[in-house]
Amino acid sequence: MRIQPSKNIQQLPLGVFNQLLRAKRRVMESGKPVIDLSVGSPDLPPPREVMEEIRKWSMDGSKYGYTLEAIPSFNGKVAAFYEERYGVRLNPRDEVLQLIGSQDGLAHLAMTVIDPGDVVLVPDPGYPIYEASVRIAGGVPYPMPLEEENGFLPRLEAIPEAVLGRAKMMLLNYPGNPVTAMADRAFFEELVRFAKKHEILIAHDFTYSELVFDGRRAVSFLSVPGAKEVGVEFNSFSKTFNMAGCRIGYVVGHPEVLQALGRLMSHTQYGIFYPIQKAAEAALDTGDAFIRRQVETYQARRDALVERLAAGGWEVAKPPATMYVWAKIPEGWSSESFVFRVLEETGVVLTPGRAFGEKGEGYVRITLVQPEDRLKEAADRIGRFLEGR
Ligand SMILES: Cc1ncc(COP(=O)(O)O)c(C=O)c1O
């Protein structure tokens, strides 16, 4: 018997990272040393207190049961963090919901708020789960082009009325992945007015909230007056505290959205391992110093990579935030042909911009999750490759 996947699942492309992994394996088998700058998984350890909490609680045999939901102190700690860092007041009772990573919440959000055929506005290029989650839920993604001329912000006025009439939700991500741009307060204010006028839920992914360079700070969407009435914001421990493998995050904002998502989660999952929850609380309590060190490290890596690429003849823009460089590729290549050729010739793994949407064509994403000397080595190899063409 042959089993056909559902139509919704058939529409999903095979994740680009799987394709890259296969190509990378082939290059490794050929004996070339690989430098992987494709996946955004932090290479640095979390704060010491985080590891200590995991060690302590993992030795308590009574903590291995289902937790079902957040432990009682968790939501209050998230609320305190949000107030201190972004000036946003949250009610821990119904404006915070713990997630198995922001990914899981993002993956399920569309399922909880849209019906088949509803339109969801998604950034193009955008982080792949935005479009995929809409397709899984039977919705219709409508790509909003993010273009350099507009600071990589969507042009809200360019979305056709007919689309707006069917649109139920918009997904956004600033500072973003793969496009590392930031949104300012004025844009978020406009967004709140737009959302109210057209009755569109705003879901802002703030996963890179703390990895911001050059002394700047990112604006939380929820810090704009009226935002909580029209939207939610996702956040994560993965990047801020190097806890990607722990799988813990949260969503804050509109209580009815959180309630609906919580209802779905009560069927799909039974809570996060207690030691991980305690470790996440410890992370929120660590204070400014860890985050500052983190920012300094990524900023130094960014500078090292971008300057070395420039020395090799490839000028790319310095990202204002995140752990990525969104680099315009030299003329004469498609993003995929560039990435696969660079991989074969140099052993450096990049991600083709096209993997994030049509408007990603012409760019590649380079991650900063390697020490500075490895990044410089990667830049040198790419420089030699470009010179030899
Ligand atoms: C923009 C964005 N959102 C969400 C996630 C998922 O993060 P988490 O580990 O919290 O699930 C990532 C991970 O790379 C990301 O880049």
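What the table shows:
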read-out: Positive dipole terminus of segment 64-286, leading residue within Ala280, Ala107, Ala137 (C-beta point charges); value: Ala280
read-out: Bins of 5 Å from zero: percent of alpha-carbon pairs in segment 64-286; value: 1, 7, 15, 20, 21, 17, 11, 5, 2, 0, 0
read-out: The chain, relative contact order in percent, only Cα pairs under 8 angstrom and at least six apart counted; value: 24 percent
read-out: Carbon/sulfur fraction of accessible area - the chain, other protein chains in place, 1.4 Å, %; value: 50 percent
read-out: Area accessible to solvent at Thr180, 1.4 Å probe radius, in Å²; value: 10 Å²
read-out: Sparse-neighbour loop sites [trypsin sites (Lys or Arg not before Pro); segment 163-267; at most 13 other C-beta within 10 Å; DSSP]; value: Arg216, Arg217
read-out: Relative pair counts by distance (%), Cα atoms of segment 292-389, 5 Å bins; value: 3, 14, 25, 28, 18, 9, 3, 1, 0
read-out: Above-threshold pairs, the threshold being 22 Å between Cα atoms, out of Lys24/Lys318; Lys77/Lys239; Lys7/Lys239; Lys239/Lys328; Lys63/Lys278; value: Lys24/Lys318; Lys7/Lys239; Lys239/Lys328
read-out: For the chain, Kirkwood radius (reciprocal of mean inverse C-alpha pair distance, Å); value: 21.8 Å
read-out: Summed side-chain charge close to Arg25 - residues other than Arg25 whose Cβ falls under 12 Å, Lys, Arg +1, Asp, Glu -1; value: +2
read-out: FRET efficiency estimate (nearest 0.05) - Cβ-Cβ, Asp184 to Glu296, R0 22 angstrom; value: 0.40
read-out: Gain upon complete extension [Glu148, Arg55; 0.36 nm per residue less C-alpha separation]; value: 28.9 nm
read-out: For the chain, built as a Gaussian network whose Cα springs stay under 10 Å, the top-fluctuating residue of His108, His254, His198; value: His198
read-out: Convex hull volume of segment 230-272 per residue (C-alpha atoms, cubic angstrom); value: 68 Å³
read-out: The chain, accessible area per residue, ligands and nucleic acids excluded (1.4 Å, Å²); value: 45 Å²
read-out: Efficiency of FRET from Cβ geometry, Arg216 and Glu307, R₀ 22 Å, rounded to 0.05; value: 0.65
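The values are calculated or read from the model by the stated rules, or taken from the named source; none is laboratory data. None of these values were measured; they are calculated from a predicted model. Because the Cβ atoms are built from the backbone with ideal geometry, glycine has one as well, and the counts that use them run over all protein chains shown. For the accessible areas, the whole protein counts, side chains as well, though only heavy atoms, and no ligand, DNA or RNA atoms are used. Shrake-Rupley method; radii C 1.70, N 1.55, O 1.52, S 1.80 Å.
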